[in-house]
Amino acid sequence: MNSMGEAFSAAWQMLAGFDAELAQIVGLSLQVSITAVVIATLLGLPLGAAIAVGRFPGRQSLIVLLNALMGLPPVVVGLVVYLLLSRAGPLGSLGILFTPQAMVIAQTILIAPIIAALSRQTIEDAWREYDEQLRSLGAHRLTAAMTLIWDTRFSLLTIVLAGFGRAAAEVGAVMIVGGNIDGVTRVMTTAIALETSKGDLPLALGLGIVLIGLVLLLNALAAIIRELALRRYG
Amino acid sequence: MLPLELHELSYAVGDTQIIRGISARIEAGPRTVILGPNGAGKSVLMRLCHGLLKPTAGRIIWHGARNGDVRRHQAMVFQRPVMLRRSALGNVMYGLKLAGKSRSECELRAMDVLEVVGLAQHASRPARVLSGGEQQRLALARAWALGPDVLFLDEPTANLDPSAAQDIESIINAIHASGTKIIMTTHNLGQARRLGDEILFLSNGRLKEHAPIDRFFREPASTEAAAFIKGELPWQ
């Protein structure tokens, strides 16, 4: 109990003093996860919209697959990306294993299906409401898809934030493909895992507090955006 | 665009026949009211004419159609208006932009119609926070702005209180006066009398009568129409 109290006070001191090591780890975490979210959104959102308004054979199977991919275990994604990027793997010549780029790739694979599947659902629900009106006004499928993305933009933003939360909080994939190298690929989650096993609880706890704070902040932000949007646009 | 000819038009979903072999010729000019009880197939018939549904049998012929795109010359207002999450002005401009008008042209035309339907002061307000009656007027403005030859209206006042319904009816008359052919559905006899010049009476997916308004109400030719006018419920 006493050691936990000490760890907490040490953690607070690190946070309050903007400890350089802690700041560096938090910075890299944000950099990797934000990059992954941006790429995953650029891939997942158009894919989700296309499936939402498209009618093609195998559509239902694709939706099932996409929904299933939302539950991809991070360690498995890490393993697959590791095999692809390792020296003997098909992409080994890139030489990016154990770099932040490899971590971005792994997290993108992890969250692109989440963004695609959830935006597909959101856009398809809106499509059901708008379908006849948009067709009556002469909108073709591409125009309709763009209109629906714009009209559901606040719900979609919540989905993107959920994707970011998942990326920032996962440990398995970045541990395997990043390697948790001090100062190069060490992010919040991998540092917590390592420091805890080493017994350096203050740093682990400090990072844990930042991580939970970040997740809380994101959810608060999502709630505020939705609330404002509802009040403003109905 | 007109006349519109329906030839043995049928529509079925699975085994359920919704429209059964309707043939009719709808001329330019008179306001056409499609009348009938709930479930008679009024809305489906209108969606078939507008091209939102494909008939399972029969044909729809626009005799006066100019080259190809018949959808361009029609517009439709639905029972529940679907408002986009943008301003009232933005909603009207959206349809105009899809019709290929330039931005400045869109804005001028959109402000004009908003003025006519009495929503100019709400132009910059988000469409979805307007009242039900205002939203339906906005839907009319959005359709009217396109300058259609034919305007379809599906129970346009069904969800509105009497005063809002009155506003809608006078806008419909203004659109009629501007030269647009009005084709609307209603199950409301009073509205049919006020707005109709001719009646297509539907019952159970069949066209029972196609008659000028006076004759329809004075001497209905079918027992179903006579019963409907008298307010009986023979279909129960």
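The values are calculated or read from the model by the stated rules, or taken from the named source; none is laboratory data. Note that this is a predicted model, so its numbers are computed, not measured. As a convention, Cβ positions derive from the backbone with ideal geometry for all residues, glycine included, and neighbour counts pool all protein chains shown.
Listed values, structure above:
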| quantity | calculated |
| --- | --- |
| Verdict on B:ALA227 being touching a strand residue (DSSP E or B) at 6+ places or on another chain (Cβ under 6 Å) and over 24 Å from B:LEU6 (Cβ atoms) | no |
| In the stretch B:107-119, the residues that are free of Cβ contacts under 8 Å to residues at least 40 places away in the same chain and either of a type in the set (Phe, Trp, Tyr) or in a helix (DSSP H, G or I) (or both) | B:GLU107, B:LEU108, B:ARG109, B:ALA110, B:MET111, B:ASP112, B:VAL113, B:LEU114, B:GLU115 |
| Which numbered condition A:PHE18 fails, given (1) at pLDDT 95 or above; (2) not in a helix (DSSP H, G or I) | (1) |
| Any chance B:LEU202 is surrounded by 22 or more Cβ atoms within 10 Å (Cβ to Cβ) and either within 22 Å of B:LEU140 (Cβ to Cβ) or in contact with a helix residue (DSSP H, G or I) (Cβ under 9 Å, 6 or more places away or on another chain) (or both) | yes |
| Conditions (1) within 14 Å of chain A (Cβ to nearest Cβ); (2) over 15 Å from B:LEU4 (Cβ atoms): number failed by B:ARG109 | (1) |
| Selected residue (criterion: farthest from the chain's Cα centre (by Cα)) from residues of the stretch B:119-153 that are facing another protein chain (nearest Cβ under 9 Å) and of a type in the set (D, E, K, R) | B:ARG128 |
| B:PRO148 vs. criteria surrounded by fewer than 21 Cβ atoms within 10 Å (Cβ to Cβ) and not polar (S, T, N, Q) | yes |
| When residues of the stretch A:93-124 are limited to those that are under 26 Å from A:LEU161 (Cα atoms) and among the small types (Gly, Ala, Ser), the one nearest to the other protein chains (Cβ to nearest Cβ) | A:SER119 |
| Single match in A:TRP150, A:TRP127 (criterion: assigned to a helix (DSSP H, G or I), within 14 Å of another protein chain (Cβ to nearest Cβ), in contact with a Leu (Cβ under 9 Å, 6 or more places away or on another chain) and surrounded by fewer than 18 Cβ atoms within 10 Å (Cβ to Cβ)) | A:TRP150 |
| Some residue of the stretch A:191-210 being surrounded by fewer than 14 Cβ atoms within 10 Å (Cβ to Cβ), part of a helix (DSSP H, G or I) and free of Cβ contacts under 8 Å to residues at least 24 places away in the same chain | yes |
| Meets criteria (aliphatic (A, V, I, L, M) and either surrounded by 23 or more Cβ atoms within 10 Å (Cβ to Cβ) or away from chain B (no Cβ under 11 Å) (or both)) for A:ALA139 | no |
| Residue in the stretch A:74-92 that is closer than 30 Å to B:VAL82 by Cα, modelled with pLDDT under 95, more than 24 Å from the chain's Cα centre (by Cα) and more than 14 Å from chain B (Cβ to nearest Cβ) present | no |
| Strands (runs of 3 or more DSSP E) wholly inside the stretch B:120-236 containing at least 2 residues that are under 17 Å from B:GLY95 (Cβ atoms) | B:150-154 |
| Condition check for B:GLN79: touching an Asp or Glu at 6+ places or on another chain (Cβ under 8 Å), within 26 Å of B:GLU8 (Cβ to Cβ), among the polar types (S, T, N, Q) and in contact (Cβ under 8 Å) with a residue 12 or more places away in the chain | no |
| B:ALA139 being touching a residue at least 24 places away in the same chain (Cβ under 8 Å) and in contact with a helix residue (DSSP H, G or I) (Cβ under 8 Å, 6 or more places away or on another chain) | no |
| Residues of the stretch B:1-32 that turn out to be assigned to a strand (DSSP E or B) and either more than 18 Å from B:PRO148 (Cβ to Cβ) or among the charged types (D, E, K, R) (or both), as a count | 19 |
| Matching residues in the stretch B:84-106 - criterion: being within 9 Å of chain A (Cβ to nearest Cβ) and assigned to a helix (DSSP H, G or I) | B:TYR94, B:GLY95, B:LEU98 |
| Residue count for the stretch B:73-106, restricted to those that are surrounded by 17 or more Cβ atoms within 10 Å (Cβ to Cβ) and closer than 30 Å to B:SER10 by Cβ | 8 |
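Residues are listed down the side, and each one gets a yes or a no for (1) crowded, with 19+ Cβ neighbours inside 10 Å; (2) under 16 Å from A:ALA204 (Cα atoms); (3) touching a strand residue (DSSP E or B) at 6+ places or on another chain (Cβ under 6 Å):
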{"residue": "A:ALA16", "(1), (2), (3)": "no, yes, no"}
{"residue": "A:LEU30", "(1), (2), (3)": "no, no, no"}
{"residue": "A:VAL37", "(1), (2), (3)": "yes, no, no"}
{"residue": "A:PRO46", "(1), (2), (3)": "no, no, no"}
{"residue": "A:ILE51", "(1), (2), (3)": "yes, no, no"}
{"residue": "A:LEU62", "(1), (2), (3)": "no, no, no"}
{"residue": "A:LEU85", "(1), (2), (3)": "yes, no, no"}
